[in-house]
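**Student:** Dropping a structure here in structure tokens format, bear with me for questions.
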């Protein structure tokens, strides 16, 4: 008996494979983060020992402090990777393009409560969302559909028209909405991950 496969079957298999890969990556990142935290703890003990023995301004103590700074930066990068790996991949849908990701401040910290809009060239909103925990957001942009006319009596199948947009972010601390310079083109059953880091110059003082 000949087996038949539907597109939905293929997408299900691909989704399962992606989830398995994501789980493996998350486990690796968690191990790396744990090792980084242990290395920093050991480095702090060593820095304090050197500072006590040779003085805080000694060459050895200064080198140990510099190394701790580098380790701290690496740990921050790993922490960000862990957060990304924990964000669920949105479900794909016919006739819909999904833009998702995180909203961050100029220091790389997550912003919750930011309004994120998929803004078309004419200024209209194609979709809107609000950033949640860890600054995550998800926009589902529905493509425009039109009927292809075959005869005067019969209409053909719907055709999807691609739409382009930019991500616009508004927060209570912004003087005006921040608009990403990138223009995204919505394609059916596709997703795109983006992190938007708001520049300090766009934020009100205080």
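The values are calculated or read from the model by the stated rules, or taken from the named source; none is laboratory data. What you see is a predicted model, and the numbers here were worked out from it, not measured in a lab. Quick reminder, even Gly has a Cβ in these numbers, built from the backbone with ideal geometry, and neighbours come from all protein chains shown.
**Student:** Would you check if there is a residue in the range 186-197 being at pLDDT 95 or above and not in a strand (DSSP E or B)?
**Tutor:** no
**Student:** Anything in the range 95-133 that is farther than 17 Å from residue 144 by Cβ and buried (at least 19 other Cβ atoms within 10 Å of the Cβ)? List them, or say none.
**Tutor:** Across the range 95-133, the qualifying residues are 100, 101, 102, 103, 104, 111, 114, 116, 117, 131.
**Student:** Take the residues in the range 69-108 that are more than 30 Å from residue 188 (Cα to Cα) and without any contact (Cβ under 8 Å) to a residue 24 or more places away in the chain, then tell me which one is nearest to the chain's Cα centre (by Cα).
**Tutor:** Initial filter on the range 69-108 (more than 30 Å from residue 188 (Cα to Cα)): 69-79, 105-108.
Okay, now just the ones that are also without any contact (Cβ under 8 Å) to a residue 24 or more places away in the chain, so 69-70, 73, 77, 107.
Details: 69: 26, 70: 24, 73: 19, 77: 14, 107: 16 Å.
Here the residue is 77.
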